[in-house]
Amino acid sequence: VPPYSPPSDKLEFSPDVSDKARTPTVAPDNVTEHGIMLLPSNTVPSEPTQQFTPPATAAKADTVKELIVSAGDNIQVMLPKNEVELNAFVVPPPPTETSYSYEWRLISHPADYGGEMERRYTRTLKLSHLSVGLYAFKVTVSGENAFGEGFVNVTVKPESTDDMKIVSYHWEEIKGPLREQKASADTPVLHLSNLVLGNYTFRLTVIDSDGAANSTIASLSVSKPVDYPPIANAGPNQAVTLPQNFVTLNGNQSSDDHEIVSYEWSLSPRSKDKVVAMQGVRTPYLQLSAMQEGDYTFQLTVTDSARQQSTAEVTLIVQPENNSPPVAVAGPDKELTFPVESTTLDGSRSQDDQGIVLYHWENISACRSGRTPVSITANDMSDATLREFCLALTNYEMFCFSGPSYVQMENGDKAIATVSGLQVGTYRFRLTVKDRQGLSNACMLSITVKEGKPSYCCLGCRGNLPVSLVTDNIKKLRTGMDNVFVVIFQGIQEE
């Protein structure tokens, strides 16, 4: 069967590899002292017109590149000529500064013959001392992650015994599978096409110029090609770190010697309880999202045109996020001058790598006596020349605060809050921030309210008190270090 011959414009010759470099360390029995290999003499079928069919080549792994190799057209010689050179042609050519390795092998020969092979490990094989019969050769070409084979037949015919010449050829198919049209031809070479599975027998009849005829038989077997199962490849194991929880798995490196017709992704039984959103489950590309921390194992099943299947698994590790605690920033301390009694608390410069989800402002100003304050109503007196503090309370103790702890606060759960009702003194506020993972941080802010011009006011209890009670307990006080005095009357009884 003629091998594939690529177009001449795509052929490039590779540098010859010296026989000496490729000669085995231990020479076989049929290698002469000059390195010439004698053709073996074991007995095989020797029909001179038998056609050779190369064996099917097993599918190569994806990592091996297939080379297109041709050993040229089949050759016929007639004795007394008994020397032939065979050349190998390879597509594509070898990469720059590299070369291919060659090896020629005799795979079929006449029963009784002699001969020699030279330069078996180069691109060109030299044959000599051939005898009558059909020879089949295979050349193997290999390189870095590349491999290919080619075949060629050499037919050696005996010297002509006819004084004249053959004037007619006739081929006929005498046995074979049922087909619409049997093969026949009146040419020296019979070309066959559209063959089906089965065994064929052909007869060749030749007639010379004297009318003498002779016939011979040729057999051909057409077998079903080997269909290997596909090879599933789900890609390498992967890892992602939250908050990223989406990824694409790639199964397009799966392969088959013919064709992959379907892909199917699924969660492995080991991960059946995992929560995940999957898209593209019947394509080579699986898109995953909405994953949680943990290990996920996915299974890819591929099916070829012969309904053969293969399965591969890939593991995806979802790692917890690398979370740092937030940093609370409440800004620089503030100073106010009374009667300014309100200001803002600004924590907007607080930071977190994942985002702050909670702000909380609180007044942590301390009370000197450690007692719980009471509610007092302050009424400004309009005495023109002299202002007095009129303090009238009942059944309580006296408290003095460094900055009264009761102030009004708005938006205490926001980054920016507002406080009002400040009096002369020092206030301390604490800002606490938290992130999504519950990590928190706090910082302090001081607000000092300084005294302006001296002023007086009258503080009175809620409700009405007897005049005698108020009169007996009025104290004239000048404002000193604080603008606000809280006096809680102790033990006064109504007369």
*Take segment 168-222, compute every pairwise Cα distance, and split them into 10 Å bins from 0; I just need the percent in each bin.*
23, 52, 20, 5
*How much length is gained on full extension from S289 to L195, taking 0.36 nm per residue of separation minus their Cα-Cα distance?*
28.6 nm
*Could you order peptides 220-226, 428-434, 346-352, 196-202 by the average number of other Cβ atoms within 10 Å of their residues, highest first?*
428-434, 346-352, 196-202, 220-226
_On a full-extension model of 0.36 nm per residue, what is the gain between T241 and F338, subtracting their alpha-carbon distance, rounded to one decimal in nm?_
29.5 nm
*In this model, which of K81/K138; K65/K224; K334/K434; K274/K434; K272/K414 are farther than 32 Å apart at the alpha-carbon?*
K272/K414
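None of the figures in this text is laboratory data; all of them are computed from the coordinates on show. Model, not experiment: these values are computed from the prediction. Every residue, glycine among them, receives a Cβ derived from its backbone with ideal geometry; neighbour counts consider all protein chains shown.
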